[in-house]
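A short worksheet on the structure shown next.
The values are calculated or read from the model by the stated rules, or taken from the named source; none is laboratory data. In this text the structure is predicted, and so the values were computed from the model without any measurement. For neighbour counting, all protein chains shown are included, and Cβ atoms are generated from backbone atoms with ideal geometry for every residue, glycine included.
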Amino acid sequence: MIEATGVTWRYGANPVIDGVSVTARPGRVLGLIGPNGSGKTTLLRLLYGALRSRTGQVTVDGDTLSTLPAREAARRLAVVVQETGGETALTVAELVLLGRGPHLSTFQRAGRADHEIAAGCLSRVGATHLSGRAFAQLSGGERQRVLIARALAQQATHLLLDEPTNHLDIRYQHEILHLVRTLGTCSVVVLHDLNLAARYCDDLVLLGAGGVAATGTVDEVLDPAVLEPVYGIGIRRLDLDGAVHLLFHPIHQSIDERTAA
């Protein structure tokens, strides 16, 4: 479990996260949603320790994150940030093998079992065919899948992902999020697409104006009455075959125009 209590972060004089408390529970996928600039990525960074709040605290399974040794933190928390540059000269196989680092001593080299785990993680994200390629030569979507494979190779008990569907086509958006949902870990994922959040998350935290606008299950948070004031757009909810589907329209659009469309 990851629990943040009263965490805060400011950029200059502007509070982005202000006294926020959230809980990611074991075996469940927690989605962080909200408009651009609402603090989703900042909150995620606070949850895995890339940023340190001056207020409150973050705990992982009851232990204060800031007191955990780096190797122990890496055994508990695997992180996938938004795909950036591909400047590394490593091959895909070598990059994914780096995920085994937290399980090796300082001068220990990866063994056969580590290579097998890394290869299995590449297979799980549909990227085995990329293993011999240079990471720097991959497309954005290919890199994203490889970075997820590296995180899986850590075999951590918690997985945190910042927009993991970025650059992915529709097929891999669903395959990656389905994989996250079936891992059985405590997972936290930043998502822009509310329909993906509806399908693959168990719980949601809706951020807006520096704080938590709503928190709860998917069914509780994905309510048009809750979402519309935060996003500033009209939303219609459909519950089909036990799943939530959201349709969007300009908030000034009349009911007659929506019906005609």
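Within the range 87-99, none of the residues are out of contact with any Asp or Glu (no Cβ under 8 Å at 6 or more places or on another chain), among the charged types (D, E, K, R) and surrounded by 19 or more Cβ atoms within 10 Å (Cβ to Cβ). Taking the range 69-107 as the range and being at pLDDT 90 or above, under 25 Å from Q144 (Cβ atoms), among the charged types (D, E, K, R) and within 23 Å of the chain's Cα centre (by Cα) as the test, the residues that pass are R75, R76, R100. Within the range 7-19, the residues that satisfy the criterion of being over 17 Å from S66 (Cβ atoms) and either surrounded by 15 or more Cβ atoms within 10 Å (Cβ to Cβ) or in contact with a strand residue (DSSP E or B) (Cβ under 9 Å, 6 or more places away or on another chain) (or both) are R10, P15, V16, D18, G19.
Per this entry, V244 is counted among residues that are among the β-branched types (V, I, T) and either at pLDDT below 95 or part of a loop (DSSP other than H, G, I, E, B) (or both).
Only residues that are over 9 Å from A153 (Cβ atoms), part of a helix (DSSP H, G or I) and among the β-branched types (V, I, T) were counted across the range 89-123, and they come to 1. Taking the numbered list (1) on the phi < 0 side of the Ramachandran plot; (2) of a type in the set (D, E, K, R); (3) surrounded by fewer than 22 Cβ atoms within 10 Å (Cβ to Cβ) in turn, E163 passes all entries but (1). Residues that are crowded, with 17+ Cβ neighbours inside 10 Å, at pLDDT 90 or above and in contact with a His (Cβ under 9 Å, 6 or more places away or on another chain) do not occur anywhere in the range 202-216.
Conditions (1) over 25 Å from E116 (Cβ atoms); (2) at pLDDT 90 or above; (3) not in a helix (DSSP H, G or I), marked per residue:
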residue	(1), (2), (3)
L147	no, yes, no
A151	no, yes, no
A156	no, yes, yes
L161	no, yes, yes
L168	yes, no, yes
H174	yes, yes, no
L177	yes, yes, no
R181	no, yes, no
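Taken together, T55, T64, T41, T23 contain a single residue that is closer than 14 Å to V79 by Cβ and of a type in the set (S, T, Y), which is T41.
Please verify whether the range 184-196 includes one or more residues that are among the aliphatic types (A, V, I, L, M), closer than 25 Å to E94 by Cα and either in a helix (DSSP H, G or I) or modelled with pLDDT of 95 or more (or both). No: zero hits.
Report the residue count in the range 1-41 for those that are part of a strand (DSSP E or B) and without any contact (Cβ under 8 Å) to a residue 24 or more places away in the chain. Final tally of qualifying residues: 4. Candidates I233, I176, I170: the one that is within 23 Å of G126 (Cα to Cα), surrounded by fewer than 19 Cβ atoms within 10 Å (Cβ to Cβ) and either in contact (Cβ under 8 Å) with a residue 12 or more places away in the chain or not small (G, A, S) (or both) is I170. For the range 206-230, taking the residues that are assigned to a strand (DSSP E or B), touching a Leu at 6+ places or on another chain (Cβ under 8 Å) and touching a residue at least 40 places away in the same chain (Cβ under 8 Å), the one that is nearest to T42 (Cα to Cα) is identified as L207.
On the stretch given as the range 46-72, residues that are crowded, with 19+ Cβ neighbours inside 10 Å and in a helix (DSSP H, G or I) total 4. Here G126 meets each of (1) assigned to a helix (DSSP H, G or I); (2) under 21 Å from the mean Cα position of the chain (by Cα) with one exception, condition (1). Among residues of the range 108-121 that are over 12 Å from R150 (Cα atoms), those with a Cβ under 6 angstrom from a residue that is assigned to a helix (DSSP H, G or I), sequence gap 6+ or separate chain, pair up as A110/L97; A110/R100.
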